[in-house]
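Data block below; observations after.
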Amino acid sequence: MPLSEVYNDLGAAESRANRPSALDSFRKALEGDPSDSTYQFNLGYALWKSGDFQAAAEKFQAVLSRDPADEVAGLLLTRCEKRTAARPGDPRTDGLERLKSNYEESAYWQLKAVLQPEKP
């Protein structure tokens, strides 16, 4: 099922609400398409916010290997290397989750069926 986009955007909403479940959603999105730099970035961002600097740095390096001009990934990689934690309310690092706007509605309904199966 093409659910990566839906898992990504779900993870973004969870991340913005500071829910730890965002990590799982971003991991599921990345499992569906390991080469997608948006999924790499979002998982790295969530890992950085949770304080897992080494794992986050690996994701940001993957993003930068595909797009060396990605300034935000570069900033966050530097913060990972310096082990600088997220600061709530910092306008340079708050709400940086990247959304996918090209998902299919049918994928949403498939995900909803998986997450909330109808009761008999």
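Below, the figures for the structure above:
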| quantity | calculated |
| --- | --- |
| Residue check, residue 71 acidic (Asp, Glu) and closer than 18 Å to residue 114 by Cβ | no |
| Considering residues of the stretch 15-66 that are more than 10 Å from the chain's Cα centre (by Cα) and acidic (Asp, Glu) only, the residue surrounded by the fewest Cβ atoms within 10 Å (Cβ to Cβ) | 31 |
| Qualifying residue in the stretch 67-88 (condition: surrounded by 15 or more Cβ atoms within 10 Å (Cβ to Cβ), more than 13 Å from the chain's Cα centre (by Cα) and of a type in the set (Ser, Thr, Tyr)) | no |
| Pairs where the first residue, in the stretch 66-89, is at pLDDT 95 or above and basic (Lys, Arg) and the second is part of a helix (DSSP H, G or I) and surrounded by 12 or more Cβ atoms within 10 Å (Cβ to Cβ), C-beta under 7 Å, 6+ apart | 66/37; 79/48; 83/53 |
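The values are calculated or read from the model by the stated rules, or taken from the named source; none is laboratory data. The structure displayed is predicted, hence computed values, not measured ones. Positions of Cβ are generated from backbone atoms using ideal geometry, with glycine treated the same way; all protein chains shown enter the neighbour counts.
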